[in-house]
Amino acid sequence: MTVAPVVRFGSCDAEHRWRPTGLARLPTLRDPHAERLLRGMDELQAVLCRPDDVLLTHHRPPAAFGEVMRAAGFGARHLPVPGDPALPVEERLAAVGLPGFTGARPEPYAVLPGTAAAVRSLGLDAALPDLNAVRLVNSKTWSTRLGLPGSGRVVTSLRELREAAVLPCVVKDPYGVSGQGNVILDSPARLALVERSLSRRPEDMIELVVQPLFERSDDFAAHLTIDPEGELVWHGVRQILNVGHSYRGSSSPTPQLMQRLDRAEYRACVEAVARAAAAEGYRGPLSVDSMTTASGELIPVLEVNARLSPGMIAQQLGVRLRLAFVRIGGDDYFERLIHLLDDAGRLASGGRDGILPLAASTLVPPRGWLFYAVFGEADAELGDITERLSGH
């Protein structure tokens with residue numbers, strides 16, 4: 001049976017795009033450089049592409065990126081989306097369209113406000129989930145109100161925040177991601193700071209999640225897909241490497257962790273969450289972030305990500321995935337990284353175990369995000385090579 005080619009595309013700042021207008025924000029600092037790197041993360045989808053597939057990207061990746069992907073067995077056409085680079089790829093596609101994809105199947109990174117228009121502009125047809133359902137199940141408000149152990153409490157006023165904030169605790173924006181939008185309250189002064197920030201725009205709607213501040217033991221995530229008929233496809237569990245609340249990679253879970261999760265019937269709990277998301281109308285990839293605590297508790301649902309994610313990509317590839325923050329000197333960092341890996345015999349290529357950098361456009365001066373997959377039993381550490389690239 002002939003398999004239709006896939007067109008992959010999509011902005012990775014999904015939470016920002018789902019956020020309702022007029023929702024109060026926790027105190028945070030905007031980082032334009034991080035926003036630029038986030039746009040380059042769409043290149044991570046290259047390793048999900050077959051030779052007949054197409055990846056539409058925000059930036060034009062260097063020629064070496066496509067060469068490395070093909071050498072590693074992930075050949076596909078990589079096409080930059082035309083239009084104003086200040087706009088998301090969905091809006092650019094909706095405005096200009098791209099011909100030549102008749103018969104292909106669209107696979108967006110996430111379903112966003114502009115996704116349906118982008119799919120139509122490509123001349124394609126897809127049964128996308130309702131945008132309101134997507135927004136709903138991605139909010140920490142929705143997953144908190146499922147009432148699972150350790151999920152915390154939703155607050156919608158300053159009075160409720162004061163009542164719920166038993167110090168120490170963590171306050172979360174319902175559309176925060178990877179540590180952004182989380183504030184740890186460890187003193188009355190810190191709570192007062194958050195209250196002042198929220199009261200500056202009294203017309204804004206307050207909607208926050210307050211959770212106990214757990215001492216973390218293991219972080220992990222379950223990955224599933226909800227198919228077009230609403231049936232669940234279980235992919236598995238990945239152990240997550242976090243620094244604070246920020247993602248640094250994932251790998252296969254330890255046997256000890258899986259034994260514990262099996263005893264606690266964790267999979268049944270996660271599948272119940274996925275069925276609840278399906279009942280809301282969501283279809284597509286879904287990941288459930290979870291943790292165990294140092295005191296022995298299992299927190300089955302910290303949040304739900306109803307979209308693609310680096311962890312889901314690693315799960316589908318069956319590899320370890322790492323994220324390193326690296327100093328970037330010059331615009332040819334990716335090419336020099338590839339040459340050093342190849343010279344050292346550590347580049348995953350032609351079926352050889354090794355390391356495969358997963359994106360080039362996240363490697364932008366002065367400091368970039370180096371996503372890489374580790375195939376087989378190759379050494380995951382890149383400190384020696386990144387130090388050489390930084391001139392140390």
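What the table below lists for this structure:
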quantity	calculated
Pairs where the first residue, in segment 49-72, is free of Cβ contacts under 8 Å to residues at least 60 places away in the same chain and the second is assigned to a helix (DSSP H, G or I) and open to solvent by 30 Å² or more (accessible area, probe 1.4 Å), C-beta under 7 Å, 6+ apart	none
Strands (runs of 3 or more DSSP E) lying entirely in segment 240-314 (those with 3 or more residues that are of a type outside the set (G, A, S))	284-293, 298-305
Given (1) within 30 Å of K140 (Cα to Cα); (2) in a loop (DSSP other than H, G, I, E, B); (3) not hydrophobic (A, V, I, L, M, F, W, C), number of the condition G330 does not satisfy	(1)
Identity of the residue in segment 238-249, touching a residue at least 60 places away in the same chain (Cβ under 8 Å) and either among the charged types (D, E, K, R) or farther than 13 Å from S287 by Cα (or both), that ends up surrounded by the fewest Cβ atoms within 10 Å (Cβ to Cβ)	G244
Options E67, E35; residue that is of a type in the set (D, E, K, R) and at pLDDT 95 or above	E67
Candidate set: segment 193-237, residues that are of a type in the set (S, T, N, Q) and open to solvent by less than 40 Å² (accessible area, probe 1.4 Å); chosen: the one nearest to L321 (Cα to Cα)	T225
Residue that is farthest from R320 (Cα to Cα) [pool: residues in segment 14-33 that are surrounded by 15 or more Cβ atoms within 10 Å (Cβ to Cβ), under 18 Å from the mean Cα position of the chain (by Cα) and not acidic (D, E)]	R19
For A71: the one exception among (1) over 30 Å from G351 (Cβ atoms); (2) more than 25 Å from the chain's Cα centre (by Cα)	(1)
Candidate set from segment 287-298 (those that are more than 11 Å from V270 (Cα to Cα) and of a type outside the set (G, A, S)); member that is farthest from the chain's Cα centre (by Cα)	E297
Tabulated pairs, segment 287-304, first farther than 16 Å from L224 by Cα and at pLDDT below 95, second in a strand (DSSP E or B) and among the aromatic types (F, W, Y), C-beta under 9 angstrom, 6+ apart or interchain	none
Residue list for segment 250-289, restricted to those being open to solvent by 50 Å² or more (accessible area, probe 1.4 Å) and under 27 Å from R105 (Cβ atoms)	R275, A279, E280, R283
Verdict on A380 being under 19 Å from L44 (Cα atoms), open to solvent by less than 40 Å² (accessible area, probe 1.4 Å), under 15 Å from the mean Cα position of the chain (by Cα) and in contact (Cβ under 8 Å) with a residue 60 or more places away in the chain	no
Hits in segment 207-239 (condition: closer than 20 Å to Y175 by Cα and under 18 Å from the mean Cα position of the chain (by Cα))	D219, F220, A221, A222, H223
Any hit, segment 336-355, residues being surrounded by fewer than 16 Cβ atoms within 10 Å (Cβ to Cβ) and part of a strand (DSSP E or B)	no
In segment 90-105, residue least open to solvent (accessible area, probe 1.4 Å) [restricted to those that are among the hydrophobic types (A, V, I, L, M, F, W, C) and modelled with pLDDT under 90]	L98
Sole residue being touching a Gly at 6+ places or on another chain (Cβ under 9 Å), open to solvent by 10 Å² or more (accessible area, probe 1.4 Å) and not in a helix (DSSP H, G or I), chosen from F325, F371	F325
For Y109: the one exception among (1) under 21 Å from the mean Cα position of the chain (by Cα); (2) of a type in the set (S, T, Y); (3) surrounded by fewer than 20 Cβ atoms within 10 Å (Cβ to Cβ)	(3)
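Residues checked against (1) over 23 Å from F375 (Cα atoms); (2) of a type in the set (F, W, Y); (3) under 24 Å from the mean Cα position of the chain (by Cα); (4) surrounded by 18 or more Cβ atoms within 10 Å (Cβ to Cβ):
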position	(1), (2), (3), (4)
C49	no, no, yes, yes
A76	no, no, yes, yes
G83	yes, no, no, no
P88	yes, no, yes, yes
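The values are calculated or read from the model by the stated rules, or taken from the named source; none is laboratory data. Computed from a predicted structure; not experimentally measured. Glycine gets a Cβ as well: all are built from the backbone with ideal geometry, and neighbour counts include every protein chain shown. Accessible surface areas use protein heavy atoms only, side chains included; no ligands, DNA or RNA. Shrake-Rupley method; radii C 1.70, N 1.55, O 1.52, S 1.80 Å.
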